[in-house]
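This report refers to the structure that appears directly beneath it.
The values are calculated or read from the model by the stated rules, or taken from the named source; none is laboratory data. The model shown is predicted, which means the values in this text are computed figures rather than measured ones. A quick note on method: Cβ atoms are made from the backbone with ideal geometry, for glycine too, and the neighbour counts reach across all protein chains shown.
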Amino acid sequence: MLATLLLAPLLISLCAAAARTSTGIALETALLVAAPTCGMLLVMACRTWGTSALPSQRITYKALGIALLCLLPFFIVPSYGFVNVGTADGGNHVRLYQSFISSTPNAYHGFVGFYALIFLFQRTLGVFPELALLIALGYTMFVLTWMITLWGLTKRVPVVYVIALNLISIVPTVLVLQTNGFYPQIYGLSILILYLILGDRPLPPKTIVPLSLLGAGLLRYSYGLTMADIFLAGSTYLLLRRKVLSSLLLLALGVYAVTRLLPIITIPGEFTPIHTANLIIAMILLLLGTKERQRLPMLLVSSSLAVWLTLGITVGFGHYYVEKYPMGLCLVAGVITLQGFASANATTKALLAGSLLFLSAAIFPYTSNAVDIARGRFVNPEVDLKLIHEIRGFLNSNNESLRVFLGSKWSRTNMVNAIFDREYSYQEFQSGTFPSQRGCVFFDATDGIVRRLKKDRMPELSRAIDALLRAPHTRITYDAPWSEGGILAIGIVCDASHNGPQH
């Protein structure tokens, strides 16, 4: 029952996202339509596959315990556990969430399932009004579904192995997804997990085509990088059973899904050859060490690796979305590696151990980041509860409203503005433009932060903050253990005549 309650919000949010994106209806209406529809789907699934399609209650509770044990060292209370390593993605997705629920049904190429999930929490969990905490709940949904699946696929594996794999491979990778603000990718992997739960059992060939269509259809509204993988895995599965026509159908759909990815793979990133080599070696060892190669999870990893390599060779491994692809591979491969320890012979276990070793090397930078987070050595909390408390206190005591908050990093800037129900685009932030409504401008006034803004080559934003510093302003300082010196300063300008740059 508990597993069903955890998985149901994922299905409801996906259906609601699909309805709003395809028809443009209000998200509230889409959720009202999606809830009974998904309820019927869950009942049909349980009748078709039986209750064994979902983990047992005992496995669910163990999964929750392991998840908490592995993640507790990384939960930073003053920021709801949210830290950021300096990227803009977290702020971008807060902004896209605001756009999706208000004006743009097809925001972020239609990969809007995560935004629908956050809105579902916002409407049903009124005790949590903070947007930051709602996003934290969405992020936690991934961790819980992943752990439930991990336990469901590895029931015969000793607990110590599960903990070790999480601390070495899974938790660091999940943390780097969060610290970079890759929330839709985390959500998309959750949907992939639902597919893995079904794919861990032998399936008759006649169910593969509809299951693949359903899986890819759901992924369409979660995250685009994994769309092709289900089609290609299903195609290989059918080909091994000599169902040629059905296999060709799914192959064609898989190739089409890959071509649909190409228009969005345009952002440059970084390519680290040694980590790529480690990942490829790990996958080869994994293929050699797994006896049950015809199972869908193994084929899913193989097809993902093939898609990633194809995209890398075609458009370049340094592209941003190609660079992000291996993160999902590491997680799925980790589960299958652990699964093999349950029944493999000594030779196979040695190959799997080698695979896990290379996999750990491939994600070592993520592990390093995770250790820094656990030690409290992070630069930029995405959610700063003390900052929010100081802003609210000033506004309430002075009967003022917030015009905008200008922070040193976009992710924190937009999270604060969103919490106060302000929509603020990255272009406005970069140019230091103030929204048109009246109210108080809050800004980072710490000397080191101002210098960093200038170093980060944001001249317009630097000039806007310099102008605010020269204007009559109130300054508040508060303790911030993650900052240099342990103290941050907020500047406040409420003079209506100080309008700043306008649109």
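When both residues are 6+ apart or on different chains and their Cβ atoms are under 7 Å apart, which pairs have a first residue that lies in segment 211-231 and is within 14 Å of G113 (Cα to Cα), and a second that is at pLDDT 80 or above and part of a loop (DSSP other than H, G, I, E, B)?
Y221/F111; Y221/V112; S222/F111; Y223/F111; G224/F111; M227/R220
Residues to consider are L238, L248; find the one that is at pLDDT 80 or above and surrounded by fewer than 20 Cβ atoms within 10 Å (Cβ to Cβ). Don't jump to the end; show me each part of the working.
Values: L238 fails: surrounded by fewer than 20 Cβ atoms within 10 Å (Cβ to Cβ).
L248 is the lone residue from the list that is at pLDDT 80 or above and surrounded by fewer than 20 Cβ atoms within 10 Å (Cβ to Cβ).
Looking only at segment 389-444, count how many residues are under 21 Å from R470 (Cα atoms), among the small types (G, A, S) and either surrounded by 21 or more Cβ atoms within 10 Å (Cβ to Cβ) or in contact with a helix residue (DSSP H, G or I) (Cβ under 6 Å, 6 or more places away or on another chain) (or both).
4
With segment 88-157 as the region, which helices (runs of 4 or more DSSP H) entirely inside it contain at least 2 residues that are modelled with pLDDT of 85 or more and of a type in the set (A, V, I, L, M)? Write out each step before concluding.
Details: elements: 89-102, 113-124, 131-153.
Here the list reads 89-102, 113-124.
Can you name the residue in segment 195-222 that is assigned to a loop (DSSP other than H, G, I, E, B) and modelled with pLDDT under 80 and is also surrounded by the fewest Cβ atoms within 10 Å (Cβ to Cβ) among such residues? Reasoning before the result, please.
Initially, segment 195-222 is screened for residues assigned to a loop (DSSP other than H, G, I, E, B), giving 200-204, 220-222.
Then keep just the ones that are modelled with pLDDT under 80; that gives 200-204.
On the way: D200: 19, R201: 12, P202: 9, L203: 16, P204: 7.
Among residues in segment 195-222 that are assigned to a loop (DSSP other than H, G, I, E, B) and modelled with pLDDT under 80, the one surrounded by the fewest Cβ atoms within 10 Å (Cβ to Cβ) is P204.
Filter segment 373-412 down to residues that are among the aliphatic types (A, V, I, L, M), within 21 Å of G90 (Cβ to Cβ) and assigned to a helix (DSSP H, G or I) and give me whichever is modelled with the highest pLDDT. It would help to see each step written out before you state the result.
Pass one, segment 373-412, residues among the aliphatic types (A, V, I, L, M): 373-374, 379, 383, 385, 387-388, 391, 395, 402, 404, 406.
This time we only want the ones that are within 21 Å of G90 (Cβ to Cβ), so: 373-374, 379, 383, 385, 387-388, 391, 402, 404, 406.
With the extra rule that they be assigned to a helix (DSSP H, G or I), the set shrinks to 373-374, 385, 387-388, 391.
Working: I373: 66, A374: 63, L385: 80, L387: 87, I388: 87, I391: 92.
Across segment 373-412, the extreme among qualifying residues is I391.
For a quick check of your reading of the model, give me the residue pairs whose first member lies in segment 422-433 and is under 19 Å from A107 (Cα atoms), whose second is surrounded by fewer than 20 Cβ atoms within 10 Å (Cβ to Cβ) and at pLDDT below 85, with beta-carbon atoms closer than 7 Å and at least 6 apart or on different chains.
Hits for this filter: Y426/A88; Y426/N92.
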